[in-house]
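If you scroll down you'll find the structure; I have some questions about it.
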Amino acid sequence: MGKVARVDKDVCISCGVCIDVVPSVFRFDTENLAEVYDPKGADEAAIQEAMDLCPVSCISWEEEG
Ligand code: SF4
């Protein structure tokens, strides 16, 4: 059990901040919207930092499984 990050793509403005901060977790999809491709690619603190820096606050924690 644990929590994983998810991106609300309806809200993402493609600024790239999350990808700059944690490229091991976030990437752009084919429509240039951020997505989580490896939820365990960084520790929670790093992912939390990306969340806090997202200008539209569209990254959130979700319970795993
Ligand atoms: Fe989208 Fe937020 Fe990532 Fe910017 S920081 S690309 S708005 S999810």
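The values are calculated or read from the model by the stated rules, or taken from the named source; none is laboratory data. None of these values were measured; they are calculated from a predicted model. Backbone-built Cβ (ideal geometry, glycine too); neighbour counts: all protein chains shown. Only protein heavy atoms, including side chains, enter the accessible area calculation; ligands, DNA and RNA are left aside. Shrake-Rupley method; radii C 1.70, N 1.55, O 1.52, S 1.80 Å.
Within the stretch 1-33, track down each residue that is of a type in the set (A, V, I, L, M, F, W, C) and either at pLDDT below 95 or within 11 Å of Cys54 (Cα to Cα) (or both).
Met1, Val7, Val11, Cys12, Ile13, Cys15, Val17, Cys18, Ile19, Val21
Of all residues in the stretch 13-56, how many are part of a loop (DSSP other than H, G, I, E, B) and either without any contact (Cβ under 8 Å) to a residue 24 or more places away in the chain or closer than 17 Å to Gly2 by Cα (or both)?
16
Evaluate the stretch 6-13: report whether one residue or more is more than 13 Å from the ligand (Cβ to nearest atom) and on the phi < 0 side of the Ramachandran plot.
no
Same structure again: Can you tell me how many residues in the stretch 27-38 are under 11 Å from the mean Cα position of the chain (by Cα) and open to solvent by less than 50 Å² (accessible area, probe 1.4 Å)?
4
May I pose another question? Assess whether Val7 counts as being touching a Leu at 6+ places or on another chain (Cβ under 9 Å) and either surrounded by 15 or more Cβ atoms within 10 Å (Cβ to Cβ) or among the β-branched types (Val, Ile, Thr) (or both).
Taking the combined requirement at face value, the residue satisfies it.
I'd like the full set of residues that are aromatic (Phe, Trp, Tyr) and within 11 Å of the ligand (Cβ to nearest atom), limited to the stretch 44-62.
none
Please enumerate the residues belonging to the stretch 14-26 that are open to solvent by 40 Å² or more (accessible area, probe 1.4 Å) and near the ligand (Cβ under 10 Å from one of its atoms).
Of everything in the stretch 14-26, those that are open to solvent by 40 Å² or more (accessible area, probe 1.4 Å) and near the ligand (Cβ under 10 Å from one of its atoms) turn out to be Ser14, Cys15, Val17, Asp20, Val21.
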